[in-house]
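Worksheet for the structure shown next.
The values are calculated or read from the model by the stated rules, or taken from the named source; none is laboratory data. Quick caveat, the model's predicted, so the values are computed rather than measured. All Cβ positions, glycine included, derive from the backbone under ideal geometry; neighbour counts span all protein chains shown. Protein only, heavy atoms only, side chains kept; ligands, DNA and RNA dropped before computing areas. Shrake-Rupley method; radii C 1.70, N 1.55, O 1.52, S 1.80 Å.
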Amino acid sequence: MTDRGVDLSALPKEVRDQLAELDLELSEGDITQKGYEKKRAKLLASYIPHLPNVELSLPDVQRSPGHSADPSPSPEAPGPSTSSASRHHRAHRSGGARDDRYRSDIHTEAVQAALAKHKEEKMAPPMPTKRRSAFVQSPIDTCTPPDTSSASEDEGSLRRKAALSAAIAQSLQSPDYWINRSVQSSSTSSSASSTLSHGEPKTHPLPQPPPAASLLADVLAHTRIENSVPPDVTSSTPQERGSRVDLPPAVKGMSRGQSRSSMLDTADGKRKGVPVSSRVSTKIQQLLNTLKRPKRPPLSEFFLDDSEEIVEVPRPDPNTPKPEGRQIVPVKGEPLGVVSNWPPALQAALARWGATQAKSPALTALDITGKPLYTLTYGKLWSRSLKLAYTLLNKLGTKSEPVLQPGDRVALVYPNSDPGMFWVAFYGCLLAEVIPVPIEVPLSRQDAGSQQIGFLLGSCSVSLALTSEVCLKGLPKTPNGEIIQFKGWPRMKWVVTDTKYLTKPSKDWQPHIPTANTDTAYIEYKASKEGTVMGVAVSKISMLTHCQALTQACNYCEGETLVNVLDCKKDMGLWHGVLTSVMNRIHTITVPYAVMKACPMSWVQRVHIHKARVALVKCRDLHWAMMAHKDQKDTNLSSIRMLIVADGANPWSVSSCDAFLNVFQSFGLKPEVICPCATSPEALTVAIRRPGARGAPLPARAILSMGGLSHGVIRVNTEDKNSALTVQDVGHIMPGALMCIVKPDGPPQLCKTDEIGEIVINSRAGGTMYYGLPGVTKNTFEVIPVNQAGAPIGEIPFTRTGLLGFVGPGSLVFVVGKIEGLLMVSRRRHNADDLVATALAVEPVKTVYRGRIAVFSVTVFYDERIVIVAEQRPDASEEDSFQWMSRVLQAIDSIHQVGLYCLALVPANTLPKTPLGGIHICETKQNFLEGNLHPCNILMCPHTCVTNLPKPRQKQPVDVGPASMLVGNLVAGKRIAQATGRELAMVEDQDLIRKHQFLSEALQWRAQTDPDHVLYVLLNAKGVAVCTATCAQLHKRAEKITATLMERGGLNTGDNVVLLYPPGIDLIAAFYGCLYAGVIPVTVRPPHPQNLAATLPTVRMIIDVSKAACILTTQPLMRILRSREAAASVNVKTWPTIIDTDDLPRKRPPNIYKPPTAEMLAYLDFSVSTTGMLTGVKMSHAAVSSLCRSIKLQCELYSSRQIAICLDPYCGLGFVLWCLSSVYSGHQSILIPPLELESSLPVWLSTLSQYKIRDTFCSYSVMELCTKGLGSQTEMLKARGLNLSCVRSCVVIAEERPRLALTQSFSKLFKDLGLSPRAVSTAFGSRVNLAICLQGTAGPDPSTVYVDMKSLRHDRVRLVERGAPQSLPLTESGTILPGVRVIIVNPETRGPLGDSHLGEIWVSSPHSASGYYTIYGEESLQADHFNTRLSFGEPHTLWARTGYLGFIKRTELLDASGDRHDALFVVGSLDETLELRGLRYHPIDIETSVSRAHRSIAESAVFTWTNLLVVVAELSGSEQEALDLVPLVTNVVLEEHHLIVGVVVIVDPGVIPINSRGEKQRMHLRDSFLADQLDPIYVAYNM
C-alpha cells in the first residue's frame, strides 16, 4: 500500500476523518478500489517518507531485444548489426500494407517500457473459452513436439539470461516478458511461435509470491507451471497428450462428449456451490480479480441518482491543462507572384505544349515489372484529348439531341495502372467543357462503399461513364453481357475512350478555351467520417491558381522530371502529377500501386535512371524502399531536389522520413530535400515545406505530451517520454493563402497560441463547394472565424481543412491529426492513428495480418467507446492472439490513459477494403454494430472504460411504515394498494354446497342424478375423441381403483399415493379413486421415455419427498419404471408398491370414505419453481371446493357449457381445470394433451372451431407453438374452414408476468380466422394460492399500462405514455377471483404500500393452500409464507405471501358492481430478481433486450454470480456469428439497463432449460454453467 512508513495516528484529525470517509465509501461500493487507492495516496502524499531509487531500470532490459546474453548468437537471432535489417527485409516479403505508416522505433520502445511498467502493477485478464469446433484457425490442436532445431539454442540463451537477471524476474511476474524476448530475438514468426506454444515449461522462472491471494487465479492463468494449473475438468482422459500439458487450462481443446461426461457430482448430490477445480469458477475468480483491480480512468464519485438525468457528467479535473496563450493572429502566406507567360487556363498550357513541344515527353507509364511501358508526348496528349473532346460533344447522340452539354458531369473510371488513358480522358473533358468526376473502378456489386459512390454520382447527377476497353471487359456483367447495376448507383451509360473508337475532329472544329473563371472544372471525391462520399468541386480559376501556387512553392521549372507514386485520380497525385506538371511541361513518370507491391524499389530506380528532380511519395513508399534496398548497389539519389511526402501531416511520418534518410544518405540523398506537406480535399494543398539551403540546419521537431493533446493543449513533454508524440512541421502555408486555427467543435472561435484546433484556410486555390449539397457546403466552405467575444473577425470566408494542428515558431505549420480520426471519449480527444501506432508497436508480428488494424468509436451509453478491430494471421495461435490483445489494452491504457471498450480479431482478409486496399473504416464500424463482423477473437472491457454509470443506489427507509398515519385506507397520502374480488355468493348452488362439501360427494351425486352426462372428452392428434367419460362411468372407474387400492395397497387413511399417468381420463379416475379410498393423491408428470436420465430423477425425488406408499400407473409406464434404462439413473429396487390400473377386476369397495372435516387434506400439489425449488403444497377439501366455486362464478360454468383445455394436468391451475372443475360445475371438458400438438399443430385451434368452443384454457408453450408454427399458414387454415369467431375467452394459465408480446402476436395472427382481439387474456396463480386472477366473462377487459423502467428498479411505479423512452408495457393478469383479497406489501418491513410502489403480492382467500408439505415440516418457513400478518394496518387478517412482485392500479373501467376496477399487475418473481448496483432488475426485461440485439439470438437467460451479470444466449445462426453477439449483448444491456455484463455465454439452441409451463429455469442454467456442463460455443469474460 501507499502508506508504508506512515504512522496514521500521528496524522492531523481532518486527514484521519477523510481517510475514514474513504474507507466507508469503499466498503459501501461507492468508489472503485483504484479510485480509493488514488485518493488515499493523494491524502497521504505529503506524509510519506521518500525512498530513494526504488525503481528498477527496466526499460533498458526491454530495449535491446537484438542482443543476446550469449556471446555466440544463435543462427535464428542474428547479432545486433544485422538483426533489424534482416527482420525488416523478411517482414516486407510478407507484404505490409499498413503497419509501415506508423512504424516508429521511439514509439515501440515507449510501448515496451509502458508494458513492462504495467506488468509490475497488473495481472492478466482471464482468457475466453472457445469451443474448438467453432474456429479451426488455431493450430494448437495439431500440436507437435518442440522443434528443437530452431528453438533449443534460443531457449538456452534465455535460460542463461534468466540466471543473470533474477532481480528483473521479480518485477516481471508474467511470462509476457519472455514471450516478448522470443518475438524480438527470433526473426521469423514460425520459430517464435514454436518456441512459445510448445516450449517446455521449465524455461520460465517461477513467479514470486504475489502480494495478495486474489492474484493467484491470474497467475495460474498465465504461467505454465505444471503443478499449479487447476485440473482441467473438461477432459475425462488422463493427460496423455504429452506435448499439450503445458498449455493453460483455458486453451485446451474440448469435445462435446468429454465435457458432457464429466458433470461434476458434489458429495451428496445436492447443490453445494461449485467445486474449486471447475474451469468456469477459476475463470470467474480471475474476472473478479480484474474487477477488484484498480482502473485507469478515475470513476466519477459525484453521481446524483436522479431519474431524469441517468448519466452524471464527471466534474472537471482541476489539474486539466488549459490553454494560456494569447489569441492567434491569422497567418499570411507569401504573395503569389505574377509570371508573364503563365497561361490564362490550364487547357491553354496543354494547347501550347502540344503545338510547340510536340515531341517532349509528358508521361511515362510502367508495366507490372517496373519497366517503361509507353511514353505519351505532349503532342500525342493534345491530339488525343482533342479527339475525345470532339467525340464527346459531336458523336454521342444526334445533332439535334446531343447526349452531353458543356457543364454536364461525367464519371472517369480508369484503373491506376493505366494513367495515359486517364490523362487523355481528363483533358478531353476539360476541352469539351464537361466536368470530369474521377472515381475508383468498381470490382463487384457488393464493393465496400459502392453505395456511397452511388450517392456521389447521384448528387452530381452523373449518367455517363468514360472507361477504357480493358477496364470495361473487367467489370462484372449480367448473364446477357450487360454491365451490372452497382448497388446504389444511378443508371449509367458506358463510353469507351480508346483511340480507335475516337473520331478525328473536322478541320474547322476548334475547342473553346475560355480564360479561367469560376465555373467548375472538375470534381474530386472525398469520403467523410460517416462514410458518405461527397464531391468537392474545384473551379477553373482555383485549378489554375493552385497550379501556380504549387509551381511557386515547389519552384517547378519547365522540362523537369517528376516521379509520382501516388494515385493520379485525386489529391497530390492529380494536383502535381497531372495538372501542375502539364502547366510546366514536366515529364511525369507514374509508378502505379501494383508495381510498388511487386517491386518496392521501382520508384527509387526510376529516380536514379531518369535523374528525376522531384519525387512524390507517401510514407509507405519510403518504408518499402528501405526494406528492399539491400538488392540495390548502384543507386544515386543526388539528383533529387525535392522529395515530397504527401502524408507528412500524419504525426507518425517523422520516423519513416528519418529512417529513409538514414539508409539513403549514403546513396546521395540530401537531408534538406525531404518536404512533408499537408493537404485536404476541401482546401487542396494547405502547407508544404520548401527545400532548405545546402547545409542549413534542419527544422526543429515538436515533442508534445499526449496528455496535453488529449485536452487540446500544446505542452512540451519533458517528464514521461513514453507518452510523447514527436511531430515534424509541414512547412509554411501556400502562397496567396491566409490561415487561422479555430476550435473544432461549436462556433469557429479563434484558438489561443498554445491550443490545438482545426486549420482553416482562405485562398483562391481551394475547392468551392460540395457539388449538389448546398447545406453541407455552407458549414465547410463559408466559415467566418469569431474572436473570444463571439464577434466575426472579418468578412472573408474560410474553408475548413479537417486537419488539427497549430502554428509553431517562425509561422511553421504543425499537424497532429485529422478531424475524421478524432475520438472524443469523456471530453478528451484521442487520435485514431495514434492508437493504431500504439497497437502496432505491441509486436503484432505473430498476431496481426499485414498490420491491418482499424480504430473507430461507437456511441454506447452517452459516450464514445473505442473499438479496435484487427485482422488475425491465419497461423496465429489462440494464446498469442489473446496475449497480444491483453497487451494492447495495457499499452493504450498506459500511454493514452484511455480504456478500450472492445478489441476484436477477425480472420485475415475479411475486413471491407477501400479501392486502394486500405480498411474501409465506416463499413467495418457498420458491420460491428450490425453483428456482421464475424470475429474469431474478442475482448470486451466495459468495466474499465464505462465510467459514467449512475452511482449505486443506497436503500432508503420506506416511507410507509408503522409511523405513517393510517386514515381509512390511505397511507401517507397515497391509497393503500389493495384489491378484492367479488363476494363468493352462495345462492345459486346452495343445494350442491349444502349436500356436498367434498368433491367425492359431488361426483357421486352427479353419477346418480345425471349418469349419462358426458363430463370429459379426450382428443388425439387427429382431433378424434379417443375416450369419453360420463358421470356414471367416471364414478364406476373410480370405485374399481378404490377397491384395488384397498386390496393390494395395504394403505392407511391419509397415506400419500403417487399418480403417474399421461394426460387423460385415467388420471382423473385415479384421482377420484384415491379420494374414495381416503388416501391423498399426488399427481406427477411421467418420465419421458426418450430422456429418462433427465426426467426420471425428478419423479424419484417427488416420490421420496412425498413419502408415497404406493404408485398408481399404466402398464407401459410400469415397465419403464422397472427397466434397465431406468436403473441407470435411479435405484429401481426401492420403488414403493406399483399398481397398474389398466385391467381392473369389476369390484366395488365396501364403503366410500368421507373425511370428518373439510380441513382434511384433499391432495398434494408438487411443482418445480423457476428458481429450481421443488415445493409441494397441501390443498384441503375446503380450499378445493372454494376454488372450484370461485372459478365457476368467474367463468360462468354450468352443465350445458363446453370448454377446451390444452394444458399439462399435473400441478397448479392446470390440474384444477383438468381434474376438478368439471366434476364440481358439471360442464363438459374437451381435453387436448399439449404433447399432441407436436405431431399435429392445428389440433387445438381446429377443435375450438369444430366444437364452437366459447372458453378455452392453454399455456404459453401451446400459444408459442401455434404462433411460430401456424403463423404463416393462416390462409390455408381459413381455406379449410377454420373459424375462431366463436371463442370469447382464451385464457393463458401461468405463474409469471403476462407475456404481452406473445399474446398480442397470437391475437394479430389469428385475427384473420375470426379471433376477437379481446378474447386472449391471462391468469395468475402461485404456489401458495393456485388461482388469484382469472379473466372471467363478466369483468372489464384487461388493461395495459406503460411503466418507467428506471423507477421500477427503485421499486416505484411511475406510469408513462406509450412509446416513452425506457418504458415497459405491462398487462393486467386477469380479474381477481371471487373471495380473493390482494394487498401489496414491502417484503422487508411487511407494511402495506401505497399504489405507486412495487411490492410483494400477498393474498387472503378461502382457497389458499394450507402449507408446504415438507419431509421435515419446517414450520417457520410455512408460517412465513402461509399465515403472515402485516406489521401494521390490519393485524388480524392472515395472509399468504406469493413470492411475486407486483402493483395495483385503479383503472377508469367499471367492474360488475359498478365500482372502479382495481387491476393487479404482476412484474416478476421475487426470488428471480437480480439485485445489482442497489437496484432491482427483472431477468425477463434484460432478456427481452438481449433477444432484440441480433437476429441470430433465439433465446436468452440471465442470472448473477458474485455481483457479475451473466448472459446466456442461444445462437440460431452459424457458429461464425457467435462472437458478433458479445459486443451487441454488452451494448444493449448497457444502453437499456445501465448494467455492465460480466460474462457472455453463447450456446446452442435448446440449452436453456424450460419447464412444462414454458418458464425458463435460470437457476438450473446457472448451476450447469458453474459446473461447466453447458458445452458453450464461446464464453467471453468482459473485463
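Top to bottom by accessible area (1.4 Å), largest first, where do Asp1471, Asp833, Asp875, Asp1524 land?
Details: Asp1471 110, Asp833 40, Asp875 80, Asp1524 5 Å².
Largest accessible area first, the residues go Asp1471, Asp875, Asp833, Asp1524.
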Q. From Cα coordinates alone, what are the radius of gyration and Dmax values for segment 992-1103 in angstrom?
A. 15.9, 49
Q. Distance in nm between label sites at Thr356 and Val858, each 7 Å beyond Cα in the beta-carbon direction?
A. 6.2 nm
Q. Can you give me the Cα centroid spacing of segment 385-456 and segment 1183-1207 in angstrom?
A. 81 Å
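Which three semi-axes in whole Å describe the equivalent ellipsoid of segment 353-444, each the square root of 5 times a Cα gyration tensor eigenvalue, listed largest first?
26, 19, 9
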Q.
Would you report the distance distribution of C-alpha pairs in segment 800-839 as whole percents per 5 angstrom bin, up to the bin with the largest distance?
A. 6, 21, 24, 23, 15, 8, 2
Q: Quick one: divide the alpha-carbon radius of gyration of segment 629-690 by 2.2 N^0.38 Å and tell me what you get.
A: 1.25
Q: Measure up Lys39/Lys117; Lys359/Lys630; Lys399/Lys526; Lys387/Lys570; Lys670/Lys743; Lys1022/Lys1311 against 28 Å on the Cα-Cα distance and list the ones that go over.
A: Lys359/Lys630; Lys399/Lys526; Lys670/Lys743
Q: Would you mind estimating how fast segment 678-795 diffuses translationally, via Stokes-Einstein at 37 °C and 0.692 mPa s with the Kirkwood radius over Cα pairs, in µm²/s?
A: 199 µm²/s
Q: May I ask for the distance between the Cα centers of segment 1318-1369 and segment 540-565, given as a whole number of Å?
A: 75 Å
Q: Could I get the Rg over Rh figure for segment 1049-1178? Both from C-alpha atoms, Rh via Kirkwood, rounded to two places.
A: 0.96
Q. When every alpha-carbon pair in segment 1142-1257 is counted, what percent end up more than 17 Å apart?
A. 66 percent
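Accessible area, 1.4 Å probe, largest first: how do Glu334, Glu923, Glu524, Glu1361 sort?
Working: Glu334 75, Glu923 50, Glu524 5, Glu1361 145 Å².
Largest to smallest exposure gives the sequence Glu1361, Glu334, Glu923, Glu524.
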Q.
Placing +1 on the Cβ of each Lys and Arg and -1 on the Cβ of each Asp and Glu in segment 567-702, which of Ile674, Asn636, Gly573 has its Cα farthest towards the positive end of the resulting dipole?
A. Asn636
Q | Local net charge near Thr503, Cβ-Cβ under 10 Å (Lys/Arg +1, Asp/Glu -1) | A | +3
Q.
Let me see the P(r) profile for segment 393-512: every Cα-Cα distance counted, bins of 5 Å, each bin given as a percent of all pairs.
A. 2, 10, 20, 24, 21, 14, 6, 3, 1, 0
Q. How much net charge surrounds Ile435 when only other residues with a Cβ under 15 Å from its Cβ are counted (Lys, Arg +1; Asp, Glu -1)?
A. 0
Q | Kirkwood Rh in Å, taken over segment 746-876 so that all alpha-carbon pairs contribute | A | 17.6 Å
Q: Two decimals is fine: what is log10 I(q)/I(0) at q = 0.17 Å⁻¹ for segment 1202-1288, from a Debye sum with one equal scatterer on every Cα and no solvent?
A: -0.70
Q.
Applying a 10 Å radius around every beta-carbon, put 1010-1018, 399-407, 1204-1212, 1163-1171 in order of their mean neighbour count, most first.
A. 1204-1212, 1163-1171, 1010-1018, 399-407
Q.
Applying a 10 Å radius around every beta-carbon, put 683-692, 413-422, 594-603 in order of their mean neighbour count, most first.
A. 683-692, 413-422, 594-603
Q | Amide H contacts under 5 Å for Leu464, placed H, 5+ residues apart | A | Ala411, Lys493
Q: Return the carbon/sulfur percentage of the accessible area of segment 1159-1291, one whole number, probe 1.4 Å, all protein chains in place.
A: 53 percent
Q: On the full set of protein chains, 1.4 Å probe, figure out the accessible area of Cys1027 and give it in Å² to the nearest 10.
A: 50 Å²
Q: Would you mind estimating how fast segment 1429-1479 diffuses translationally, via Stokes-Einstein at 10 °C and 1.306 mPa s with the Kirkwood radius over Cα pairs, in µm²/s?
A: 114 µm²/s
Q | Sequence of Ser1186, Ser463 from largest to smallest accessible area, 1.4 Å probe | A | Ser463, Ser1186
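Taking the mean number of other Cβ atoms within 10 Å as a proxy for protection, how do you rank 1241-1252, 465-476, 1124-1135 from highest to lowest?
The peptides rank, most packed first, as 1241-1252, 465-476, 1124-1135.
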Q) About its Cα centre, what dipole magnitude does segment 431-581 give when the only charges are +1 on Lys and Arg Cβ and -1 on Asp and Glu Cβ, stated in debye to the nearest 20? A) 500 debye
**Q.** Globularity index of segment 1490-1583, i.e. its alpha-carbon radius of gyration over 2.2 N^0.38 Å
**A.** 0.99
Q. How much of Phe1257 can a 1.4 Å solvent probe reach, expressed as accessible area in Å² and rounded to 10?
A. 0 Å²
Q: In whole angstrom, note down how far apart the Cα centers of segment 1108-1128 and segment 754-793 are.
A: 86 Å
